[in-house]
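A.B. asks: Before I ask anything, let me first share the structure, which is written out below as structure tokens.
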Amino acid sequence: MGKENNLQGLTSKEVKDRVEKGLVNTQEKSASRTTKDILIENIFTLFNLLNLLIAIALAFVHAWSNLLFMAIIIMNVLIGIIQELKAKKMVDDLSILVTPKAMVLRDGSVQEIIADEIVLDDIMVLKQGQQISCDASLVEGSLEVNESLLTGESDAIQKEIGDEVLSGSYVVAGQAYVKVNHVGKDNYANKLADQASTWKPVNSQLLNSMKKVTRFTCFLIIPLGILLFIEAFFMRDEGLYQSVVSSSAALLGMLPKGLVLLMSISLAAGIVRLGKKKILVQRLYALETLSHVDVLCLDKTGTLTTGKMKVDHVVELNTVSKEDADHIASYLHHSTDSNATFEAMAQYFKAEDIYTPTKKIPFSSERKWSAISFDGVTYVVGAPERLCQRVPDQAQQEMKKGNRVIVIGKTTEKVSVDQNLPKIDALYLVVIQDVLRENCQDTIQRFHKEGVQIKIISGDHVDAVSALAKQAGVIDAHKVVDLSQYDDTADYGKLAEENVVFGRVSPQQKKWLVKGLQSRSHQVAMTGDGVNDILALREADCSIAIAQGNDAVKQISEIVLLDSSFKNLSDVLFEGRRVVNNITRVAGVFFIKTIYSVLLSVICVLSIFGGADFSFGFPFIPIQITLIDAAIEAWPSFVTMMEPNHHPVPKDFLPVVLKKALPFALMILVYICGIHFFTEETINTQTIMYYGIVYISMLAVVKSCIPMNPLRLFVSSTMVIGFTFGVLIFKNLFHLAFTGWFVIGMMILYLVIILLLAKVKTKSNS
């Protein structure tokens, strides 16, 4: 762009003065949570508060040995904090690679800086694809700006000299110089819910399930705790010490505290694992969302292909004069379109400043053409079907090979953005090649194998897109549709369900396709790298950006492929599945104790109405519950949480895990009630009850480890051995009447069962 206004921008001294006054675009926002947030969210939780209250009650009656559970709570909190801080450091380090950049005019020359270094009154240079970092006013040039991230309206807005552009919007077409009016917290986007352009509500089954469990347990735990204490102290005359201890044990059993920790650590560990592969996860629960994805929408250019364009050859459709050739060279020199297609043509046609333009209309994904006028004649560049009344045969042949085809033409009639194109005299047919990414076929095949449907969406001609999809190995790539034939009244759900390849898609139609798939109960992930993908990325359940794409795309996406490697895309899906599948596999074990503790507490309270002979107190003490927490819940779960598991995940987390837990919880409940009502209550019967719930819970763990593998064999065996030696060595600490040969015999029995299961698994695989 020329500098007809002799713009010089700020001087270095003026920039320094503004920085010293704090008039700089400092942003507090980070892709990761702050250290303060991590500490608060791990320490000041409802679960921790309830455990603390129970600990205070136990300390009040001097039940010191039963306070051991607090050591585990503290250790769990520390582990959670350390793991999340590790993930935060990884995310912060990687975020530097996708920090928004800005072009500013300073000391008379254009410089690239990070967006945080923009100062008030800076002159920014805005081009197609850039997200606008600060509120500013146009001082030279013109732009088409999309403010959908701020207003929800997807139509591009024309901006001329004197008009204001808002932070958080992005440039669809054009190039301009703008003067910064606001920086930092004064920017419009920062006033909209602290960067509304990057915020989406968390849609997490894991998080929502734990909120439901938390609300349920909180609703029960306080009244049940009071009633259990009353039942023990006043009805059973057990004394203050025993009443507090037994009531506390019941309440501790209701809290699936280890599961909350397991979720956060698993997700944080997943983020670290992906970070090592140069994959930036900008939202913690994006991993879980990915695990449910069954449709992956791929943008062709820049995602399926490398995005590096090269003119293969040019077909002369009509006689091209020397004057036409010079005008085309001038067109490409003065064009403000900075995409790969125009760069390839500029290199091929040797762009040169020969003629001065009188009017420019930049390229947009909606129009699919651009134009520049020179004294009495306008040259137009765009899609063949937009410039030609009939698409040339040569163009159709090239598109069927997977090549991109551009037409260059001219007209002496008026060309306007708000009117249909007049008759264009086609001059050149430009054939451009776009190469498939390395390992593209293998990655597509992996997705198909895992039951993920692939949809290819592109603004290119449907024949070119279909040909490339076939080369990439996309199943049913022959099911194609040209969306330029459809308007907003079409059934996009049906179109998206029945077809695989979509050509001539507008940005708005990309969004409608994603919504259409979601309306058919699909979980949709969308990849993209250009501004034409932003609306669809915002709508998708999970958005994935290519690092070589523009700033706006990277800022609003939940996951960024930092090395732009398509082959790593499947790793993102599989990591999400691994995390959620492993949590789902073991979560049932945590809920066993919650279910039987709640039901047993209710029975204990109701037993008040049966009189003194029928009255039933909670039979365990906190330290016994702590041993179950550590040996049976925590140890197997945390050791196996990093196991590979790429199977499709269940859609309903809570019903699935409760269904797994309920049979074992009811078995324990029947077992305890049977012993209580048919035997005399002594310390021996309480010990038998305790061993019963332990070995039934162990059975649930062993069942969750089927099919056995070396790691699960190790975990199951060490769980049994660890519990056995724990009660043998610390018999008095756990207040058990007998151990000896009984627990040794049960250990041997369980080890034999585990080894047999492992042997059966080995034979079935051979």
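A.B. asks: What FRET efficiency do you get for residue 439 and residue 276 if R0 is 25 Å and r is their Cβ-Cβ distance, rounded to the nearest 0.05?
C.D. replies: On the way: r = 19 Å, r/R0 = 0.74.
The value I calculate is 0.85.
A.B. asks: Among all lysine pairs in the stretch 630-766 that are eight or more places apart or on different chains, how many have alpha carbons less than 16 angstrom apart?
C.D. replies: Lysine pairs meeting the criterion: 6.
A.B. asks: In addition: With a 1.4 Å probe and all protein chains left in place, how much accessible area per residue does the chain have, in Å²?
C.D. replies: In whole numbers, the chain has 43 Å² accessible per residue.
A.B. asks: Now for a separate question. With a sphere of radius 11 Å drawn around the Cβ of residue 519, what net charge do the other residues whose Cβ falls strictly inside it have (Lys, Arg +1; Asp, Glu -1)? Intermediate values should be presented prior to the final figure.
C.D. replies: Numbers: positive: 494, 515, 520; negative: 491, 497.
Taking every other residue near residue 519 into account, the sum is +1.
A.B. asks: I'd like to know which of 573, 668, 61 lies farthest towards the positive end of the charge dipole of the chain, counting +1 on Cβ of Lys and Arg and -1 on Cβ of Asp and Glu.
C.D. replies: The Cα lying farthest towards the positive end belongs to 668.
A.B. asks: Something else: Starting from 0.36 nm per residue, how many nanometres of slack lie between residue 753 and residue 353 once their C-alpha separation is accounted for?
C.D. replies: 135.7 nm
A.B. asks: Once R0 is set to 25 Å, what does the formula 1/(1 + (r/R0)^6) return for the Cβ-Cβ distance between residue 738 and residue 718, expressed as a FRET efficiency to the nearest 0.05?
C.D. replies: Result of the calculation: an efficiency of 0.60.
A.B. asks: I would also like to ask the following. Using a probe of 1.4 angstrom, how much of the accessible area of the stretch 224-379 is carbon and sulfur, in percent?
C.D. replies: The C+S portion of the solvent-accessible surface of the stretch 224-379 is 54 percent.
A.B. asks: Order 723, 44, 363 by their accessible area, 1.4 angstrom probe, all chains in place, largest first.
C.D. replies: Per-residue accessible area, sorted high to low, gives 44, 363, 723.
A.B. asks: Grab the Cα-Cα distance for residue 471 and residue 19, subtract it from 0.36 nm times how many residues apart they are, and report the gain in nm with one decimal.
C.D. replies: Contour length minus the Cα-Cα distance gives 157.4 nm.
A.B. asks: Which percent, nearest 5, of DSSP beta bridges in the chain are antiparallel?
C.D. replies: Close to 75 percent.
A.B. asks: Would you work out the Kirkwood radius for the stretch 498-616? I mean one over the mean of 1/r across all pairs of different Cα atoms, in Å.
C.D. replies: It works out to 18.2 Å.
A.B. asks: If a paramagnetic tag sat 7 Å from the Cα of residue 609 along the Cα-Cβ line, which residues of the stretch 228-260 would have the backbone N under 20 Å from that point?
C.D. replies: 228-236
A.B. asks: Quick one: compute the contact order of the chain, relative version, from alpha carbon pairs under 8 angstrom and 6+ residues apart, as a percent.
C.D. replies: That works out to 13 percent.
A.B. asks: Continuing with the same structure: Each residue of the stretch 224-231 in order: what ³J(HN,Hα) in whole Hz does its phi give by Karplus 6.51 cos²θ - 1.76 cosθ + 1.60, θ = phi - 60°, with x for Gly and Pro?
C.D. replies: 5, x, 5, 5, 5, 5, 4, 4
A.B. asks: Over the heavy atoms of residue 38, what accessible area does a 1.4 Å probe trace out, to the nearest 10 Å²?
C.D. replies: 0 Å²
A.B. asks: Where the centroid of each part is defined by its Cα atoms, how far is the stretch 526-597 from the stretch 365-418 in Å?
C.D. replies: Cα centroid of the stretch 526-597 versus Cα centroid of the stretch 365-418: 38 Å apart.
A.B. asks: Cut-off under 16 Å on the C-alpha distance; same-chain residues fewer than 8 positions from residue 350 excluded. Which lysines are left, in chain and number order?
C.D. replies: Excluding near neighbours in sequence, the set is 310, 322.
A.B. asks: So what's the gap between the Cα centers of the stretch 682-755 and the stretch 425-467, to the nearest angstrom?
C.D. replies: So the two Cα centres are separated by 57 Å.
A.B. asks: I would also like to ask the following. Which of the lysines could a cross-linker bridge to residue 494, judged by Cα under 19 Å and excluding same-chain residues fewer than eight apart?
C.D. replies: Within reach: 455, 479, 510, 511, 515.
A.B. asks: Take the Cα atoms of the stretch 333-382, find their three principal axes, and give me the spread along each one in whole Å, biggest first.
C.D. replies: For the stretch 333-382, the Cα extents along the three principal axes come out at 27, 25, 13 Å.
A.B. asks: Related question: Scan around residue 522 for amide H atoms under 5 Å from its own, H built in the peptide plane at 1.01 Å from N, and keep only partners 5 or more places away or cross-chain.
C.D. replies: Amide H to amide H, under 5 Å and 5 or more residues apart or across chains, residue 522 pairs with nothing.
A.B. asks: A further question on this structure: Determine the share of the stretch 566-662's accessible area contributed by carbon and sulfur atoms, expressed in whole percent, with a 1.4 angstrom probe.
C.D. replies: 70 percent
A.B. asks: Further question on the same structure: In the stretch 71-146, what percent of the accessible surface is made up of carbon and sulfur (1.4 Å probe, ligands and nucleic acids excluded)?
C.D. replies: 64 percent
A.B. asks: At a Förster distance of 51 Å, what's the computed FRET efficiency of residue 488 paired with residue 46, Cβ-Cβ distance as r, to 0.05?
C.D. replies: It comes out at approximately 0.65.
A.B. asks: Continuing with this model, one more query. State the Cα centre-to-centre distance between the stretch 282-361 and the stretch 62-112 in whole Å.
C.D. replies: Result: 39 Å between the Cα centres.
A.B. asks: To continue, here is another question. State the label only: which of [x] -0.45, -1.06; [y] -0.29, -0.86; [z] -0.36, -0.89 corresponds to log10 I(q)/I(0) by the Debye sum over Cα atoms at q = 0.05, 0.09 Å⁻¹ computed from the shown model?
C.D. replies: From the options [x] -0.45, -1.06; [y] -0.29, -0.86; [z] -0.36, -0.89, the structure gives [z].
A.B. asks: To continue, here is another question. Dividing the Cα radius of gyration by the Kirkwood radius, what Rg/Rh value follows for the stretch 606-703?
C.D. replies: Across the stretch 606-703, the Cα-based Rg/Rh ratio is 1.07.
A.B. asks: In terms of solvent-accessible area of protein heavy atoms at a 1.4 angstrom probe, what is the ranking of 590, 234, highest value first?
C.D. replies: Working: 590 0, 234 125 Å².
Largest accessible area first, the list is 234, 590.
The values are calculated or read from the model by the stated rules, or taken from the named source; none is laboratory data. If you're wondering where the values come from, they're calculated on a predicted model, not measured in any experiment. Virtual Cβ from ideal backbone geometry, glycine too; neighbours counted across all protein chains shown. Side chains are part of the model used for accessible areas, which takes the heavy atoms of the whole protein and leaves out ligands, DNA and RNA. Shrake-Rupley method; radii C 1.70, N 1.55, O 1.52, S 1.80 Å.
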